[in-house]
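Below: one structure, written as structure tokens.
The values are calculated or read from the model by the stated rules, or taken from the named source; none is laboratory data. Keep in mind the model is a prediction, meaning the values are calculated, not measured. For neighbour counting, all protein chains shown are included, and Cβ atoms are generated from backbone atoms with ideal geometry for every residue, glycine included.
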Amino acid sequence: MPPKEQPTLYSVPKTTVWFAIVSLVLLGSLVWVVYSDYAREWKAWQRKFIQLKVEKAKAELAAVDKKVDQKKLEELEKQHSEALRIFQEHKGEYAKLEKEIARLDMEIGKVRDRGQTLKQFQDSARYFFEKYRAHGDSRAAEYQQKLDSLAPQIEKAKLDQESHEARRDEKQKALDELSAKVRGTQKDIDLALAEKTRIEKKLANVQPTLAKEILNAPMIDFIAPSLRIQQVVLEDLYDDYHFAKVQKVDRCTTCHLGIDQKGFENAPQPFKTHPNPDLFLSPASPHPLEKVGCTVCHGGNGHSVSFIESAHTPRNEEQAKEWEKKYRWHRMEKWENRILPLNHTEASCTKCHKNVVEVPQADKLNKGRKLAETYGCFGCHKVEGFENRWKVGPSLLDVRSKLDKDWITRWLESPKSFRDSTKMPQFFHLENTDSSQDREMSDAAIEGIVAYLAKNSGEVALEKPPVEGNIEHGQKLVKEIGCLGCHTAEGVSVNYFGPELSGMGSKVRADWLYTWLKDPKHYSPSTRMPNLRLSEQEAVDIAAYLLSQHNETFEKQPLPSVKPEVVDKMVMMHLQKNLRHEEARAELAKMSPEAKLEFLGKQSISHQGCFACHDIKGFEDTKPIGTELSDHGRKDVYTLDFGLVHVDHTREAWFFQKLKKPRIFDEGKEKLYYEKLRMPHFGFTDEQAESLVTFLLSLNQEVIPLEMQRRLNLKEEQIETGRLLVSKFNCQGCHTLDGKEGLIRSTFTDLGGAPPILEGEGAKVQEKWLDGFLKQPSAIRPWLTYRMPTFSFDDEQASHLVQYFVNLAHQEVNYKGLVLPETTPQKLEDGKLLFEKFQCVKCHKVDRTSMAMGASFLAPDLTLTKERLKTDWVVNWLKDPQAMQEGTMMPGFFPDGQSPLPDVLGGDVLQQMEAIRDYLYRYAPQPAQNPEPPKPEIPAIVKE
Amino acid sequence: MKKNKVSMMITVLILIFQVALIPSAQAAAITGKIAFEGTAPASPPMAMDADPNCQMMHPDGVSADDVIVNPNGTLKNVFVYVKEGLGDQTFEAPKEPVAFNQQGCQYHPKVFGIQVGQPLEILNSDNTLHNVHAVPTKSTQFNLGMPIQGMKLKKTFTAPEVMVKIKCDVHPWMAAYAGVLKHPFFGVSGDEGTFEIKNLVPGQYVIEAWHEKYGTQTFSVTISSADETKDIAFTFKAS
């Protein structure tokens, strides 16, 4: 009976087929899983890098191969084979010698053994002999005999050994001679090919091999693959992932493989060498890769090994497009800490370099910071670490004595129409307040401010110019006494530290300017303008010259007419902030037109924040109006109001827009007058704005562990305090100092007439003298037309500056004065002789004859040496003045370390210089023969 | 005696060799005159009263020396040199120094040429302090005090520069100018107002004439044969 077909719910063949299909799909997906896990983008980069390295090594090899002198190599090889042939001929001899040497070595061994045994006997005999002799034992004699008999035997063994050794050496020499030629030629060949062999080895190392491929294969690549993720684990740095701190791990070097290697400077990205390996990455640099990593400076996600997820940021629009096409790049919208665009990387320096006026080598950041300081950003915006900055605008406490209402009105309407270079920004009539209605209101606000300032200003006593000024002489003085170190004028513009000297005739009156020039602090005690100690005539002349310049277009600008109803409307707007409509109406009705204007003025000043830069009465304690910027480098992008403006949604794009067009984000919005954005327009150039963006991105309160920060020691702190003062008072406008060339020096053809270089000043002058000089300067170099002004530094400022100079020169601050080096009467005599022979007084004197030559041919008064100079410095200066101050008129008297007077002090140059020094410190000028005062009198123009 | 004869013969041979070689290779020359047009500016007497030593050396006074017009209507102290046309040729600096004297509180010569690396021998013939302060912009400055009468110092310039001013800070009227060149093809007009640039090979040259007060003028010249002597003329006008 045929088996009965079992009824089944499924068809077996069909099931088998499906099973086969599913297995295949499963297998396929398994393969796919393994493959997708295996084929990471970074592996592709690593393979590319290996290829690059191989190519490079091959190129090197080819280059080296070319360099190898083939002819010479052939010659060497010929010599080598010739040597080998000869050697082969003498092979029998060679073998014989080898045998002989082996035999001799054995002999030597035997003799040496015998000698050592005898020596042991001798030691033992000596021990007993000494012992018995000390105890008076009769056996001493026996051992005495033994010792005596041993001595000649030992001697003989020694001689035997020496003679064997000599013979062995002889044979060895003969042996060496036989093989010398072969070894020598082989060495020559090796030497000729050394470089090539080295590169061949290198190439073999980098070249992919089958073994390497197997180790990199999927599933077994966990053992020891050559392609692997590279990472730096940073012990002291953390990533802040909101609520969790994670140790920083940077895997950037997984793809940026050439970053810390030399020779990839021109390689394609991501393999390029770091552009500044001496400053970053290399182990000897201040920022070694192992300690600092990458993302602490560049930003981005260091944990990621994917191009997109590590949050790369393109340099510009063009690169963005390229990346989108090539890598399907898109911005990581939700990842706030993206890689900083390359033009802003310096922003990261401040994470560790805190409390410094300038970060070394971060030029753009420093520039941005300086701009922020110059334009008074810190007046409105609180920024941690910058609280010690100053108000940048002039004080308006007594403005009535200086300016008239019409000028202030025109100025507020448009500051740049008076002076294009002014730092005063434009507050009114900007793009968001440009409607006729807004203009009317702004005009009313301006009139209000003018009224408030006039009403709330004190008055200072002004002195009338006593005589008529000489315009030409005034112009000459402006060029020659130092105004140009801070002010732009006369076609010279080294900086815009002070206002440009133009159009003054349209701005101020003669009595104010004369009084101001005579003593700026009389009008404004807080001004940074120093006192140039001008004589009456000089002040009058300069005033006459400055007042002769007018800005006629500005003077002709029509004054706005303000409608009383607009003023009423605005006053009501303010009153209604605190009062009900009816109460406000009643209040308004009570006010006189003047009172309304003054009220509106006060409100406007407080709305615009004028007091951030200017001292204004009634606003002594008002809080600044701007947003705090202390952590703006990390500000969440979604909290920035981009409005309806189409720019990239990044911090840097927003900052840039805001700086270039501060009101732009009001575009397309409906806002009331007082709701509108009010940051004023500074007119920054693109370059300035970019530097400021770098600065803003640097404002970052990320916590970096103290041990990773660049902490300052006491001396460095003192230097930084000084640096801030130097920046505040623009010392580097005139003086070369702290690695920066004095700006005004570029305008001098004869540098001998330029303000002195102050590099190393702390090693040159005595602290006490410097302190006094800073407080009350007097002319040291009467031939200079530039005048060191009186800044009226107080005790604290002066001592900060002294510390700054002395620390910069790597010296210890010492107010005690000098300990004069010891000397002898003879040395002083010699010093005097040298002083006279070198004719030092030809230049170093101040009297009537030298004045006749014109002031430019004098040198510092040497009677000052005792109080002014440090003793070591004098010797260094005498050694080579040009090396210490290029262009100086002081000649070297000891060229090439030779003295022109070989008879004095044996011609010893150092001794001679010391003798001159000792004489100088004890030098007193000869009393004048004619009845002139002993202290030389210098005309006022030179010595003030 | 024999030795002497041999060495003499060698010397003679060398001389013949030299004579035979050099002129055949480089015999062309450029000569010329520096004419001056217009009236010579008045030369005010120099005030040397600042240093009595200097004053005593000129009992009859001395007039300013920035413009000297010779009696034959030519201009003295004009530096003439080959500015372009030598290509990449290099010329060894002569070991022979250029003598530079400070005498009577004036520089002698006032205008001169010198090759890069050629020593400048500076002499102070005066019994007073001079400082030679050279203010080149391309070489390093030097400023040497020379307090002793008769003392000599040697210095060199490291880079070509036309002209390098040399001044004395003690005596403001003293000024000299050195034309520092990489080659020996230069001349300075003297009392006759003439100059000569010798030993040139045929070629195209740009010649420049420089004067302290009247600035520079250039002239292009072609030398076609090895024994040619080209005569060129520069004219400076009174300003």
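One residue is enough: does the stretch A:93-109 have a residue meeting the conditions assigned to a loop (DSSP other than H, G, I, E, B) and either touching a Phe, Trp or Tyr at 6+ places or on another chain (Cβ under 8 Å) or closer than 30 Å to A:LYS262 by Cα (or both)?
The answer is no; no qualifying residue exists.
Screening B:GLN149 on (1) more than 14 Å from the chain's Cα centre (by Cα); (2) away from chain A (no Cβ under 14 Å); (3) within 26 Å of B:SER125 (Cα to Cα) shows it passes everything except condition (2).
Of the residues A:GLU555, A:GLU565, A:GLU598, the single one that is loosely packed, with under 13 Cβ neighbours inside 10 Å, in the same structural domain as A:ALA444 (by TED's automatic domain parsing) and among the acidic types (Asp, Glu) is A:GLU565. Give me the residue from the stretch A:773-807 that is without any contact (Cβ under 8 Å) to a residue 40 or more places away in the chain and charged (D, E, K, R) and, out of that set, surrounded by the most Cβ atoms within 10 Å (Cβ to Cβ). Filtering the stretch A:773-807 for residues that are without any contact (Cβ under 8 Å) to a residue 40 or more places away in the chain and charged (D, E, K, R), the one surrounded by the most Cβ atoms within 10 Å (Cβ to Cβ) comes out as A:LYS775. Filtering the stretch A:328-343 to residues that are farther than 18 Å from A:VAL292 by Cβ and either touching a helix residue (DSSP H, G or I) at 6+ places or on another chain (Cβ under 8 Å) or buried (at least 19 other Cβ atoms within 10 Å of the Cβ) (or both) leaves A:TRP329, A:HIS330, A:MET332, A:GLU336, A:ARG338, A:PRO341, A:ASN343.
For the stretch A:751-764, the condition of being more than 28 Å from the chain's Cα centre (by Cα), surrounded by fewer than 20 Cβ atoms within 10 Å (Cβ to Cβ) and closer than 24 Å to A:PRO881 by Cβ holds for at least one residue. Please work out if A:VAL494 is within 33 Å of the chain's Cα centre (by Cα) and either farther than 21 Å from A:ILE605 by Cβ or in the same structural domain as A:MET679 (by TED's automatic domain parsing) (or both). Yes; evaluated as a whole, the condition is true for this residue. Between A:PHE835, A:PHE773, A:PHE748, A:PHE791, the distinction of being in the same structural domain as A:PHE894 (by TED's automatic domain parsing) and farther than 18 Å from A:GLU720 by Cα belongs to A:PHE835 only.
For the stretch A:724-771, filtered to residues that are among the aromatic types (Phe, Trp, Tyr) and more than 17 Å from A:VAL806 (Cβ to Cβ), the residue that is modelled with the highest pLDDT is A:PHE729.
In the stretch A:902-921, which residue that is among the hydrophobic types (A, V, I, L, M, F, W, C) and farther than 23 Å from A:VAL765 by Cβ is nearest to the other protein chains (Cβ to nearest Cβ)?
Checked the stretch A:902-921; the qualifying residue nearest to the other protein chains (Cβ to nearest Cβ) is A:VAL904.
For the subset of the stretch A:892-921 comprising residues that are crowded, with 16+ Cβ neighbours inside 10 Å and among the small types (Gly, Ala, Ser), which member is nearest to the chain's Cα centre (by Cα)? Per the criteria, the residue is A:GLY892. Just a yes or no: is a residue in the stretch A:388-397 buried (at least 19 other Cβ atoms within 10 Å of the Cβ) and either among the β-branched types (Val, Ile, Thr) or not in a loop (DSSP other than H, G, I, E, B) (or both)? Checked against the condition, which is being buried (at least 19 other Cβ atoms within 10 Å of the Cβ) and either among the β-branched types (Val, Ile, Thr) or not in a loop (DSSP other than H, G, I, E, B) (or both), the stretch A:388-397 yields no hits at all. Put simply, of B:THR140, B:THR194, B:THR156 the only residue that is within 14 Å of chain A (Cβ to nearest Cβ), in contact (Cβ under 8 Å) with a residue 24 or more places away in the chain and of a type in the set (Ser, Thr, Tyr) is B:THR156.
Kindly check whether there is at least one residue in the stretch B:56-78 that is in contact with a Ser or Thr (Cβ under 8 Å, 6 or more places away or on another chain), touching a residue at least 40 places away in the same chain (Cβ under 8 Å), in a loop (DSSP other than H, G, I, E, B) and within 14 Å of chain A (Cβ to nearest Cβ). No: zero hits. Close Cβ contacts (under 6 Å, 6 or more residues apart or on different chains) running from residues in the stretch A:885-901 that are at the interface with another protein chain (Cβ under 9 Å from one of its Cβ atoms) to residues that are in a loop (DSSP other than H, G, I, E, B) and not polar (S, T, N, Q) comprise A:MET889/B:ASP169; A:GLY892/A:ASP880; A:PHE893/A:PHE838; A:PRO900/B:ILE148; A:PRO900/B:MET151. Of the residues making up the stretch A:862-884, those that are touching a residue at least 60 places away in the same chain (Cβ under 8 Å), of a type in the set (D, E, K, R) and within 16 Å of A:LEU770 (Cα to Cα) are A:GLU867, A:ARG868, A:LYS870.
Hey, does the stretch B:215-232 have a residue that's under 14 Å from the mean Cα position of the chain (by Cα) and either closer than 21 Å to B:HIS108 by Cα or acidic (Asp, Glu) (or both)? Looking through the stretch B:215-232, none of the residues is under 14 Å from the mean Cα position of the chain (by Cα) and either closer than 21 Å to B:HIS108 by Cα or acidic (Asp, Glu) (or both). Note on the stretch A:215-244: residues that are of a type in the set (Lys, Arg) and at pLDDT below 85 amount to 0.
Residue-wise test of (1) surrounded by 12 or more Cβ atoms within 10 Å (Cβ to Cβ); (2) farther than 30 Å from A:LYS71 by Cβ; (3) touching a residue at least 60 places away in the same chain (Cβ under 8 Å).
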| position | (1), (2), (3) |
| --- | --- |
| A:GLN172 | yes, yes, yes |
| A:GLU177 | no, no, no |
| A:GLN186 | yes, no, yes |
| A:ALA192 | yes, no, yes |
| A:GLU195 | yes, no, yes |
| A:GLU200 | yes, no, yes |
| A:PRO208 | yes, yes, yes |
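For the stretch A:671-704, the candidate set comprises residues that are touching a His at 6+ places or on another chain (Cβ under 9 Å) and in a helix (DSSP H, G or I); within that set, the residue that is nearest to A:ASP240 (Cα to Cα) is A:LEU697. Number of residues in the stretch A:266-285 that are surrounded by fewer than 17 Cβ atoms within 10 Å (Cβ to Cβ) and over 23 Å from the mean Cα position of the chain (by Cα) equals 4. Consider the stretch B:86-129 and keep the residues that are in a loop (DSSP other than H, G, I, E, B) and of a type in the set (Gly, Ala, Ser). The one that is nearest to the other protein chains (Cβ to nearest Cβ) is B:SER125.
Which residue is surrounded by the fewest Cβ atoms within 10 Å (Cβ to Cβ), if the candidates are limited to the stretch A:637-662 and must be among the aromatic types (Phe, Trp, Tyr) and over 14 Å from A:GLU690 (Cβ atoms)? Per the criteria, the residue is A:TYR638. For the stretch A:470-489, state whether one or more residues are acidic (Asp, Glu) and over 45 Å from the mean Cα position of the chain (by Cα). No. Of all residues in the stretch B:36-54, one or more are at pLDDT below 85, in a helix (DSSP H, G or I), out of contact with any Phe, Trp or Tyr (no Cβ under 9 Å at 6 or more places or on another chain) and within 14 Å of another protein chain (Cβ to nearest Cβ). Considering the stretch A:848-944, the qualifying helices (runs of 4 or more DSSP H), each wholly inside and each with 1 or more residues that are at pLDDT 90 or above and touching a helix residue (DSSP H, G or I) at 6+ places or on another chain (Cβ under 6 Å), run over A:865-868, A:871-879, A:909-921.
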